[in-house]
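The values are calculated or read from the model by the stated rules, or taken from the named source; none is laboratory data. None of these values were measured; they are calculated from a predicted model. Heads up, the Cβs are rebuilt from the backbone with ideal geometry, glycines too, and the neighbour counts pull from every protein chain shown. Surface areas here come from the heavy atoms of the whole protein model, side chains and all, with no ligands, DNA or RNA. Shrake-Rupley method; radii C 1.70, N 1.55, O 1.52, S 1.80 Å.
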Amino acid sequence: MKSKLKFVYILGIFFLLIDQLIKIFISSRFLLNQNLIIIKNLLNLNLVHNEGAAFSILTGSRLLLIVVGILAVVLISFYIVKSDEINDRDILSYSLLLGGIVGNLIDRIVHGYVIDYISFNFFGYYFPVFNFADICIVLSIIIIVINIIKESIWK
C-alpha cells in the first residue's frame, strides 16, 4: 500500500498547488473584502480572511485547528497504509482530502487565517465564502460517502 500512498501524495500535492496558486493570484490582485461580480446574483470573487474553520466556527482557535489538521493528515496516511484494498476512487478521494486539508493548513500556519474567495448567492442567500481547498474536501467526502453506500448495497 505504500505505492498507493505515494500516488495519493503526488495527486494531493497537485491539488494543493492549484489551491495555493489560486490563493496567491487572488491575494495579489484583490484588497481584503473586495468584491468582483462574475455572474450577477450568483457568483462573486470576494477576498476574505477566515480565522476559524468552516462557517467561521472556532474563530480564534488557530493552534487547535493546526493540530487537528496535522492529526487528520497523519491519520488518513496511516489508514491508507493499513488498508488492504484501495481503488482509483479511493486514491482520488484521499488525494482531494489531503490536498484540501494541507492547503488550508498552510494558510493557517503561514498567515494565521485561511484565504477564502468564492462567494455564491442563491436567491438572496449568501453562502459562506470558501476556496478551492474547501471544494476538494467536500468532493472527497462526497466520493467517500458514495463508495460506502455502494459497498453496503453490494454486500
| field | V8 in a helix (DSSP H, G or I), within 16 Å of L96 (Cβ to Cβ), of a type outside the set (S, T, N, Q) and open to solvent by less than 90 Å² (accessible area, probe 1.4 Å) | value | yes
| Conditions (1) exposed (fewer than 12 other Cβ atoms within 10 Å of the Cβ); (2) part of a helix (DSSP H, G or I); (3) touching a residue at least 24 places away in the same chain (Cβ under 8 Å): number failed by I66 | (1)
| note | The lone condition I76 fails out of (1) open to solvent by 70 Å² or more (accessible area, probe 1.4 Å); (2) under 20 Å from V145 (Cα atoms) is (1)
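Yes/no per residue for (1) loosely packed, with under 15 Cβ neighbours inside 10 Å; (2) assigned to a helix (DSSP H, G or I); (3) touching a strand residue (DSSP E or B) at 6+ places or on another chain (Cβ under 7 Å); (4) not aromatic (F, W, Y):
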| residue | (1), (2), (3), (4) |
| --- | --- |
| V48 | no, no, yes, yes |
| T59 | yes, no, no, yes |
| I70 | yes, yes, no, yes |
| L98 | no, yes, no, yes |
| N104 | no, yes, yes, yes |
| request: Assess whether N87 counts as being modelled with pLDDT under 95 and either open to solvent by less than 90 Å² (accessible area, probe 1.4 Å) or within 18 Å of the chain's Cα centre (by Cα) (or both). | output: yes
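Working only within the range 141-155, note down all residues that are surrounded by 10 or more Cβ atoms within 10 Å (Cβ to Cβ) and charged (D, E, K, R).
K150 - this is the single residue of the range 141-155 that is surrounded by 10 or more Cβ atoms within 10 Å (Cβ to Cβ) and charged (D, E, K, R).
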